[in-house]
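Enquirer: I am attaching a structure below and will ask some questions about it afterwards.
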Amino acid sequence: MSLASAHSVVEPRPWTKRIAAVLVIAYALISIVPLLWIFATSFKTPPDSIAYPPKIVFQPSVEGYCNLFTTRTRQEPGYIESLPPATTFCDEVTRKRNMVIAGPSNFVPRFINSLVIAFGSTFCAVFLGTLAAYGFSRFKVPLIDDLLFFILSTRMMPPIAVAIPIYLMYRELGLNDTALGMILLYTSVNVSLAVWLLKGFIDEIPREYEEAAMIDGYTRLQAFWKVVLPQATTGIAATAIFCLIFAWNEYAFAALLTSGTAQTAPPFIPQIIGEGGQDWPAVAAGTTIFLVPILVFTILLRKQLLRGITFGAVRK
Amino acid sequence: MLNRTAESLARATPAPIARRVRGLSDKGLAWLFIAPTIILLLAINIFPLFWAIGLSFTNYRANRPNEPIKNVGLQNYERILGDADIWHAMQATAHFVVWTIVLQTVIGFMLAYLIDRKFRGHAFWTTIILVPMMLSPAVVGNFWRFLYEPQIGLFSYAVSFISGIPATQVQMLSNVSLAPWSIIIVDTWMWTPYVMLICLAGLRSIPDYIYEAAEVDRASPWRQFWSITLPMALPFIMLAILFRGIENFKMFDMVNLLTGGGPGSTTEVASITLKREAFEKWRTGYSSAFAIILFVAVFGLANIYVKALNRVKQR
């Protein structure tokens, strides 16, 4: 087996590949450790989570998850004995710590808020963005370059800076702490990126297809719906992921503009307090659960995500 | 759908006119498509910007809405430019932005170069590397707080394990010289994959035939790297630097939850100062002026940078 004969000029040599693999895998493993640690912490009991030295081997428990979903009160052991037997598993776990479940926590409503606001604003941003991108791409819009740059520059303000007048504006309009207000805000922030990305994707679709369709009798609207949209689905998916990731993970606006009804999960999770400080297993449990939808989306739509990120780089 | 006469009439009509007689005219449709986006942006992005500009010339305080509003002209701007705390915040921000860009670009490009060697399973490991990017920066800031705890945190334990310093002395968050690095490390952990992806796109855009021609000319791998790989990937690297630079200049979530700007105000980056002025001290007019200054700074720097970037692309 001669390496010289099998060697193509641009294909790296086997030992180069091996070294590259070792380095990359090492980096990947090190960078995933914090996440694995959080995942592990969510299954620890509160005393285990703050043990020194940090426990790598431990007795797993669902106490973190129970604490995440409930509010509890501390009671005398005598009182706990006098209660009817524990009905659910979480009941048992809580009672072992001399506490009684008082009711559900706010985690589920906050999570649902996150779902509604993130998916709602993503849908709106992608919808408006696709239309606007098509308009910029196909029609002669006056001052198009300036308009596009203006759209992009709206992303250069620090969120806090935008939040000051928005706070006042929403206070006047009664949109403070409402899902509608948050959806409008996130849509508006996302639509600039959406237009920019989607215009690039739509630019790639040759005009000849629509023009052929229109000569065959379709209106411009029908041509858009039947010819352009199906070809743009990859671009739309890539854009949707970005908008979703931003809206799902957003903290600054959510923390400043909501406090109760419309609060999403990111401001809520860091505030989960246990006895004597943050309840780390519960926080870890909340973090893990919050991560799952985005992780699923990312893995399913990985190729579109890659296209989207590199698209901004390639097509500019 | 169309009867015979109409069909033949349609075929005989020249294409531009044909487009116009069917359905909404092009111009009408263009405005219908673009208007909603422009209206939304005007209402939620531009109108507040002008409101903030207006506020910056007043002494308005949002927690005393019934006090008479006085126009103070440029006084807010003068006071900001002379305020030592503000300058300190800008220094902290600059330190953060510069170091995160340097680390993320170097590590990101190296990772991209290694992944481009296309070893077996590189797609799988790339996905693993991408995960930190998907998290909420606020939630990340919060749980890295846990990791940085002097005794019980995994980071402190790992450092003490490797270097022998007792874990209680690894005070990432409360030591004034270490705290700025704590935020830099977390940001690098989160966003190096992003830079890596953009650099990877750049590396993949270099056509093979250029390398082949270089081999024919007997160029060494070093020479190939410096004369082909780096220059052709440079526009992408610069683009990644631009995006990360703008994002980190605006950074709020992660730093707020990791250090709160502390210890004291060591890691108080610009956005945190802004938040304190606007939502804790309620000096709405003053903070609006600071917000406008920040915006103009980013806008101006980005403009200059994009011009330089376009020049590099044309080479």
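The values are calculated or read from the model by the stated rules, or taken from the named source; none is laboratory data. Values in this document were obtained by computation on a predicted structure and should not be read as measured data. When we count neighbours, we look across all protein chains shown, and the Cβ atoms used for this are built from the backbone with ideal geometry, even at glycine.
Enquirer: Any idea how many residues of the range B:195-240 are small (Gly, Ala, Ser) and within 20 Å of B:Gln314 (Cα to Cα)?
Expert: 6
Enquirer: Among helices (runs of 4 or more DSSP H) lying entirely in the range A:207-284, which contain 3 or more residues that are buried (at least 21 other Cβ atoms within 10 Å of the Cβ) and more than 11 Å from every other protein chain (Cβ to nearest Cβ)?
Expert: A:233-249
Enquirer: Kindly indicate whether any position in the range A:61-80 is modelled with pLDDT under 85 and of a type in the set (Asp, Glu).
Expert: Scanning the range A:61-80, I find at least one residue that is modelled with pLDDT under 85 and of a type in the set (Asp, Glu), so the answer is yes.
Enquirer: Specify the residue that is farthest from B:Met172 (Cα to Cα); the eligible residues are those in the range B:257-302 that are among the hydroxyl-bearing types (Ser, Thr, Tyr) and touching a Pro at 6+ places or on another chain (Cβ under 6 Å).
Expert: B:Ser271
Enquirer: Would you mention how many residues in the range B:193-207 are surrounded by 22 or more Cβ atoms within 10 Å (Cβ to Cβ) and either among the aromatic types (Phe, Trp, Tyr) or modelled with pLDDT of 95 or more (or both)?
Expert: Qualifying residue count for the region: 0.
Enquirer: While we're looking at this one, here's another question. Given the range A:36-93, what helices (runs of 4 or more DSSP H) lie entirely inside it while holding 3 or more residues that are closer than 26 Å to A:Phe111 by Cβ?
Expert: Of the helices (runs of 4 or more DSSP H) lying wholly inside the range A:36-93, those with at least 3 residues that are closer than 26 Å to A:Phe111 by Cβ span A:46-49, A:63-69.
Enquirer: Tell me which helices (runs of 4 or more DSSP H) are completely within the range B:111-213 and hold 3 or more residues being free of Cβ contacts under 8 Å to residues at least 40 places away in the same chain and more than 30 Å from B:Leu239 (Cβ to Cβ), or say none if there are none.
Expert: Correct list: B:137-148, B:154-163.
Enquirer: Could you list, in sequence order, the residues of the range A:94-114 that are part of a helix (DSSP H, G or I) and touching a residue at least 24 places away in the same chain (Cβ under 8 Å)?
Expert: Passing the criteria: A:Thr94, A:Phe107, A:Val108, A:Arg110, A:Phe111, A:Asn113, A:Ser114.
Enquirer: Check B:Met172, B:Met134 and return the single one that is within 7 Å of another protein chain (Cβ to nearest Cβ) and surrounded by 16 or more Cβ atoms within 10 Å (Cβ to Cβ).
Expert: Just a single option satisfies the conditions, and that option is B:Met134.
Enquirer: Which condition from (1) charged (D, E, K, R); (2) at pLDDT 85 or above; (3) in contact with a strand residue (DSSP E or B) (Cβ under 9 Å, 6 or more places away or on another chain) is the one that A:Asp91 breaks?
Expert: Here A:Asp91 meets the rest and fails (2).
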